[in-house]
Amino acid sequence: MNDIAVQWTAHANRAANVQYMYSVNGGPAQFCGTLVNQQLNGGQFNTVCSIAGLSAGSNLAVILNNAPAGYVIADAVRLSIQ
């Protein structure tokens with residue numbers, strides 16, 4: 001399994017319902033799971049999902065929705081390969 005973790009700056013004007021998705025090698029987008037509240041837990045990496053099936057040379061895209069109420073922040077993305 002591989003963990004996708006993201007970081008943002010928390011603030012009251014941030015969205016409380018951000019949906020993260022990912023795509024491997026240009027395939028269809030897959031939902032990471034629960035919605036993320038970016039008003040909380042800022043300034044640190046937060047794991048949003050675990051995925052399988054990545055191999056050397058795979059391309060991974062992390063996608064954010066644009067529908068929530070409030071600002072959506074994407075400061076950093078970290079992939080932990082296990």
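Just so you know, all these numbers are worked out from the coordinates, no wet-lab data involved. As the structure is a computational prediction, the values presented were derived from the model and not from experiment. Quick reminder, even Gly has a Cβ in these numbers, built from the backbone with ideal geometry, and neighbours come from all protein chains shown.
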- Can you give the three extents of the C-alpha atoms in the chain along their principal axes, from longest to shortest, in whole Å? 39, 23, 18
- Query: What shape does segment 42-82 have by the C-alpha gyration tensor, where a ≥ b ≥ c are the square roots of the eigenvalues, rounded means a/c under 1.5, and otherwise prolate means a/b greater than b/c and oblate the rest?
  - Reply: prolate
- Message: Once you place label points 7 Å from the Cα toward the Cβ at A10 and L79, how far apart are they in nm?
- Response: 2.8
